[in-house]
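To start, the structure under review is shown below, and the notes come after it.
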């Protein structure tokens, strides 16, 4: 499936080349206009989650370094725009934000998949967004408070577990819904939380028993007391291959519970969003010379010693994907066979809570 996207790169590259062919080619004069354009300007980095969560933490770290790597050294200002599993922020970047290279969106990967797989029409078309890159890959997990009756993922197949979530398009809502519909899991999904920070507070207060669809990288750094006190237990990995650390701990992968090939392939399709765990996007129509400059700065900063030193202190994983590669990757997703897309769409659909 899509997990082995590099093996399919030659195929999906053709689709990406067609996308690029529709854009006007930059000339030498335009290339030299990047620095004067950005000098003294401000770039808005719109984060589709609330302040204090994982996406916000990564975005603010990037913002502290990115401006210095862009010709003209613009300032980067972070703004939070919550709502609809970051689809609100994605819609803003797609149709409202200026198309001149002064707006970047940090959105959930679910906002890229939701228009393909969701039932509700999204306010944006991910196949037309320009991809700056992704800060890291991730493995999504389900975890619970250690004091609840559910102790293993097998238990969730027979016992109800209350989990906190954002909304449709967010992994905390979509991934437990997928497991309910495909495997007949018993997650009771409580939606409406603004982001992972609010869900974590609800978990600590006992409002919910667990969370399903949070990225594993960064959890131990953002919530160290959960681990020092043994407050939480990881139930299952929502990934085809899993995370090395969790595999060594014996945490199972949800794909191991698939009862047939279709269930496994659908899970791999939906879980593939973990490959581009923290995507950054720009509106369609940004001049190509500015796109190239921002993509170069993105890779330079995320691969640089300064940001990586800061990330290491914060115990944040950095594994960037270049914008060009991410553009190809998304093109491959949107070329998925219609039969599997429809099966995944049905598996992500909301159904009455038991």
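The values are calculated or read from the model by the stated rules, or taken from the named source; none is laboratory data. What you see is a predicted model; the values in this text were computed from it and never measured. Note that we place each Cβ from the backbone using ideal geometry, even for glycine, and neighbour counts take in every protein chain shown.
Among 56, 138, which is in a loop (DSSP other than H, G, I, E, B) and under 21 Å from residue 321 (Cα atoms)? Please lay out each step first, then the result.
Numbers: 56 fails: in a loop (DSSP other than H, G, I, E, B).
Only one candidate qualifies: 138.
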**Asked** Which condition does residue 257 not pass, out of (1) within 23 Å of the chain's Cα centre (by Cα); (2) at pLDDT 95 or above; (3) more than 25 Å from residue 50 (Cβ to Cβ); (4) surrounded by fewer than 23 Cβ atoms within 10 Å (Cβ to Cβ), if it passes all the others?
**Response** (1)
**Asked** Of 204, 198, 256, which residue is within 24 Å of residue 279 (Cβ to Cβ) and either in a loop (DSSP other than H, G, I, E, B) or out of contact with any helix residue (DSSP H, G or I) (no Cβ under 6 Å at 6 or more places or on another chain) (or both)?
**Response** 198
**Message:** Take the conditions at pLDDT below 95 and touching a strand residue (DSSP E or B) at 6+ places or on another chain (Cβ under 7 Å) and apply them to residue 109. Does it pass?
**Reply:** yes
**Request:** Hey, could you check segment 161-184 for residues that are farther than 20 Å from residue 207 by Cβ and out of contact with any strand residue (DSSP E or B) (no Cβ under 8 Å at 6 or more places or on another chain) and say which is surrounded by the most Cβ atoms within 10 Å (Cβ to Cβ)?
**Result:** 169
**Asked** Among the numbered criteria (1) touching a helix residue (DSSP H, G or I) at 6+ places or on another chain (Cβ under 7 Å); (2) modelled with pLDDT under 95; (3) in the same structural domain as residue 103 (by TED's automatic domain parsing); (4) part of a helix (DSSP H, G or I), which single criterion is violated by residue 312?
**Response** (1)
**Item:** Check on residue 274, out of contact with any helix residue (DSSP H, G or I) (no Cβ under 8 Å at 6 or more places or on another chain), in contact (Cβ under 8 Å) with a residue 40 or more places away in the chain and either in a helix (DSSP H, G or I) or assigned by TED's automatic domain parsing to the domain that holds residue 95 (or both)
**Value:** yes
